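One structure is given below, encoded as structure tokens.
The values are calculated or read from the model by the stated rules, or taken from the named source; none is laboratory data. These numbers come from a predicted model, not from an experiment. In this analysis, Cβ positions are derived from the backbone assuming ideal geometry, glycine residues included, and neighbour counts consider all displayed protein chains. Calculation scope for accessible area: heavy atoms of the full protein, side chains included, ligands and nucleic acids excluded. Shrake-Rupley method; radii C 1.70, N 1.55, O 1.52, S 1.80 Å.
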Amino acid sequence: MSADVREPASGRRRQLNALLLASALPMPSLLRAEDAGPASPPFRVIDIDWFDAARSRAVPARLYWPSRTSSAEGVPLVVFSHGIGGSRQGYSYLGRHWSSRGVASLHVQHAGSDVAVWRGNPFGIVGRLRAAAQESEAIARAADVRFALDRMLSDETGPLGQAVDRRRLVAAGHSYGANTTLLSIGAQVVREGRVVNCQDDRFSAGIVISAPPFYGESDLAAVLGHVAVPTVHITATEDVIEIPGYRSGAADRLQVFDAIGDPRKLLAVFQAGSHSIFTDRSLTGGAALNPKVKLATAELGLAFLDLAFKDDGAALAQWRSAWSPLLARTPAAGFPARGITPHLAMDAA
């Protein structure tokens, strides 16, 4: 994500993303399955150690794969990008929930902005965070997502890749990873007269959790107006990042939602919570609220996919009814009709 680093405007414009604290088929030889324990769950967890030779960059990933799949329909695939300081092990609650319900989830680790930023001399952490948030790393992250999807769909993953439904590929992410997601589905900026475009046209939907704005950009609509796929945006009223020199408030998430060009968008805002409630951390946001928000977030992702890919709003209607007590802002019952703005449709829902 981009960051308000209190630097001159020219310095801010060189950053795309703000700093956020966060995080029965045969296996090809490249893959190794995690021990599932005595009782086999309805999904498999597979670690993959890819390396992009063209960029001399490691791209580790963790795949959550449904144990039972329909060969006729194919398996939808989410490619998930972690927040700054995260890893492929993070956001496991999403991978487990989605894969147990038939949606595969590939969690990509970004070597330039992963858990390594927290290691080393504690006095150097600000410098490591700054380096992780540079524009070059933001672009490299989008390239990681593209590379991981290339590899997942290639022959090297064997029957797993063959089973993926190419019509239902979803980019998703939290925090810095949400900005990576937006770049992957069409967000653009102009640098020295050149458009920086990291879009991967294979993605047909986006799950955007806690996305900060692209600081240094005076017109968010110009950046996000190019997004032309359905998106769901998830945040909380206390979804705030604040460390010395950097701040992104909850209102920033709403600005991102408003600036998205495609009217097929939904917004859910949980009451209270925190920025890191959407990570695997179990206490942030409150011990009672935390697991509820996690479950609601995972279920909303699936309800959104039903709406986006099947034009089926039944799961979304059930979600709105079940989780409304936790919400400060409830997503619309469906995508707005042609000629109706998202705000009006949401207010009428």
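Things to note:
- Each residue, A322 and R68, gets one label point 7 Å from its Cα in the Cβ direction; the gap between the two is 1.8 nm.
- Computed label-point distance, nm, for sites A251 and R167 using a 7 Å Cα→Cβ extension: 4.4 nm
- For region 50-206, the per residue solvent-accessible surface stands at 36 Å², with DNA, RNA and ligands left out and a 1.4 Å probe.
- A Förster radius of 25 Å combined with the Cβ-Cβ distance from N197 to A53 puts the calculated FRET efficiency at roughly 0.60.
- Sum of side-chain charges, A140 neighbourhood, beta-carbon under 10 Å (Lys, Arg +1; Asp, Glu -1): -1
- A Förster radius of 45 Å combined with the Cβ-Cβ distance from D219 to L283 puts the calculated FRET efficiency at roughly 0.70.
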